[in-house]
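First up is the structure itself, then whatever we jot down about it.
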Amino acid sequence: MDIVTISIVLGFTAGAIQLVGYIVYNKVAGDKINTGSWSMWAIAGIVDLASYIAVTGDWVKNILPAVCAFAAISTFVYAYVRKRLSWPDKLDWVFVGADGAITVVWVMTNAVLANILYQATAVLSFVPIYRGIISGREREHLWPWVIWTLAYSFLTASVYLRLARWEELVYPVTHIVIHAIVVVLVLIKPAR
């Protein structure tokens, strides 16, 4: 198998694993999910996907982000219909506003800068989940987060094999780290 074929297989595998993570999450999430984080992921999913498409111009690199955008919106709607959401606190609204501000930056500048800034807000969007786990207000299940970390690892490998410029790696590498932090917090929280 050549590198192009391997990168395509990795891209499709990343998207499939990502989808499995959402299916598992929706089965184990419980009565409440973090409204602040999930509202940002639902809103930002399409915009983040659009900016990454503009950065890469490569359909293989965008399989996972497309799956993620669709699944995040679907998860948010599913949670809303099932009444699994609660009102975000003030700090969560600050993070939601940051994503909106970056969208304005994108319109006024370029997709590469916007995509890098979206990764900064991706980090911020995880703060409500981190805070919830650390404070004990929320309990996350391990497996969806392990699955998503694995999916972003496959995406990183696919992107690396098709790499046109370093900015393409910012999205997948950032997401490996922020998902892995949830894994670590879930693993160490019971010890507290």
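Pairing residues of segment 151-168 that are farther than 22 Å from Val24 by Cα and in contact (Cβ under 8 Å) with a residue 60 or more places away in the chain with residues that are in a helix (DSSP H, G or I) and of a type in the set (Gly, Ala, Ser), at Cβ distances under 7 Å and at least 6 apart in sequence or on separate chains, gives Ser158/Ser7; Ser158/Gly11; Ser158/Ala14; Leu161/Ser7; Arg162/Ser7. The number of residues in segment 45-101 that are outside any helix (DSSP H, G or I), farther than 14 Å from Gly15 by Cβ and acidic (Asp, Glu) comes to 1. Of everything in segment 1-30 that is outside any helix (DSSP H, G or I) and surrounded by fewer than 18 Cβ atoms within 10 Å (Cβ to Cβ), the residue that is modelled with the highest pLDDT is Asp2. Any residue at all in segment 164-173 that's surrounded by fewer than 17 Cβ atoms within 10 Å (Cβ to Cβ), within 17 Å of Trp38 (Cβ to Cβ), out of contact with any Gly (no Cβ under 6 Å at 6 or more places or on another chain) and among the basic types (Lys, Arg)? Scanning segment 164-173 turns up no residue that is surrounded by fewer than 17 Cβ atoms within 10 Å (Cβ to Cβ), within 17 Å of Trp38 (Cβ to Cβ), out of contact with any Gly (no Cβ under 6 Å at 6 or more places or on another chain) and among the basic types (Lys, Arg).
Do the conditions hold for Arg131, that is, is it part of a loop (DSSP other than H, G, I, E, B), closer than 25 Å to Ala180 by Cβ and of a type in the set (Lys, Arg)? When the stated conditions are applied, Arg131 does not pass them.
When Leu185, Leu150 are checked against the criterion of being more than 20 Å from Ile43 (Cα to Cα), in a helix (DSSP H, G or I), over 14 Å from the mean Cα position of the chain (by Cα) and not polar (S, T, N, Q), Leu185 stands alone in meeting it.
All of (1) more than 19 Å from Ala69 (Cβ to Cβ); (2) touching a residue at least 12 places away in the same chain (Cβ under 8 Å) hold for Thr121 with one exception: (1). Examine segment 131-138 for a residue that is farther than 13 Å from Ser37 by Cα, small (Gly, Ala, Ser), surrounded by fewer than 16 Cβ atoms within 10 Å (Cβ to Cβ) and at pLDDT 85 or above, and state whether such a residue exists. Yes: segment 131-138 contains one or more residues that are farther than 13 Å from Ser37 by Cα, small (Gly, Ala, Ser), surrounded by fewer than 16 Cβ atoms within 10 Å (Cβ to Cβ) and at pLDDT 85 or above.
The values are calculated or read from the model by the stated rules, or taken from the named source; none is laboratory data. The shown structure was predicted, so the numbers you read here are calculated from the model rather than taken from an experiment. Glycine gets a Cβ as well: all are built from the backbone with ideal geometry, and neighbour counts include every protein chain shown.
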